[in-house]
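Participant: Dropping the structure in here first, questions after.
Read the figures in this text as sums done on the coordinates, not as results from a lab. This structure is a prediction, so every number in the text was calculated from the model and none was measured. Backbone-built Cβ (ideal geometry, glycine too); neighbour counts: all protein chains shown.
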């Protein structure tokens, strides 16, 4: 099977799978995307080529993007950690929007307290958000020190000089970062 045929089969399976997951019949999806049920049936079974206009209408009706319908399953299944011993952190990037758009979700294990050196305090456009899975995180926001414990979350403007680290032992967080936050916290 060629790569094009594999992608074609994947798209057809996703359309059918999303339709079934929503509990829709062919007639219900057809009404939502302004195609006939027989056309949809032939698309799902591979007896008809899918035109871009049809694919766009089907994706919109299913609440999916074109990217979601056509992306191949080449991404990593096992997410390997990135160790930064000099910074006292280990990161697992759980999701990432390609091209620097959207948000990045990461799990971070912190083993060191935040640096109180003013040069280490980060400032960048946007907002940061994290929830503490275990341990206690010490968040420095300008002149303030905020302790965030397991089960608690923090959200703050990143235009305030900030740094965070573990307090009293290792801590783990799940964080959502925009492009500037990802570049500042995960790649420096």
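Participant: Using the Kirkwood radius over Cα pairs, work out the Stokes-Einstein diffusion coefficient for the chain at 25 °C and 0.890 mPa s, in µm²/s as a whole number.
Facilitator: Result for D is 126 µm²/s.
Participant: Measure nothing fancy, just the Cα-based angle from helix 52-62's long axis to the longest principal axis of the chain, in degrees from 0 to 90, nearest 10.
Facilitator: 60 degrees
Participant: Here is a further query. Calculate, in nm to one decimal, what residue 24 and residue 48 gain on full extension: separation in residues at 0.36 nm each, minus their alpha carbon distance. Display every interim value, and only then the final one.
Facilitator: Working: separation 24, 0.36 × 24 = 8.64 nm, distance 2.05 nm.
Result: 6.6 nm gained on full extension.
Participant: Largest first and to the nearest Å, give the Cα extent of segment 134-179 along each principal axis.
Facilitator: If we take the Cα atoms of segment 134-179, the spans are 27, 24, 14 Å.
Participant: Now for a separate question. What spacing in nm lies between the two simple spin-label points modelled at residue 94 and residue 60, each 7 Å away from Cα in the Cβ direction?
Facilitator: Between residue 94 and residue 60, the simple spin-label model gives 3.3 nm.
Participant: Evaluate the Debye formula for segment 82-185 with equal point scatterers sitting on the alpha carbons, no solvent, and hand back log10 of I(q)/I(0) at q = 0.12, 0.22 Å⁻¹, in q order, two decimals.
Facilitator: The Cα Debye sum returns log10 ratios of -0.35, -1.27.
Participant: So what is the diffusion coefficient of segment 3-70 in µm² per second by Stokes-Einstein at 25 °C and 0.890 mPa s, using a Kirkwood Rh over Cα pairs?
Facilitator: This corresponds to a translational diffusion coefficient of 211 µm²/s.
Participant: Next question. For a Förster distance of 35 Å, can you work out the FRET efficiency between the beta-carbons of residue 34 and residue 150, rounded to the nearest 0.05?
Facilitator: Step by step, r from the Cβ atoms, then E = 0.10.
Participant: Another question, if that's okay. How far apart, in nanometres, would the label points at residue 133 and residue 80 be if each is projected 7 angstrom from Cα along the Cα-to-Cβ direction?
Facilitator: Placing both labels 7 Å beyond Cα along the Cβ direction yields 1.9 nm.
Participant: Which whole-number percentage describes the relative contact order of the chain, with Cα contacts under 8 Å and a sequence gap of 6 or more?
Facilitator: 18 percent
Participant: If I take R0 = 45 Å and measure r between the Cβ atoms of residue 157 and residue 71 in this structure, what FRET efficiency does the formula 1/(1 + (r/R0)^6) give, to the nearest 0.05? Can you show the working numbers first?
Facilitator: On the way: r = 33 Å, r/R0 = 0.74.
After rounding to 0.05, the efficiency reads 0.85.
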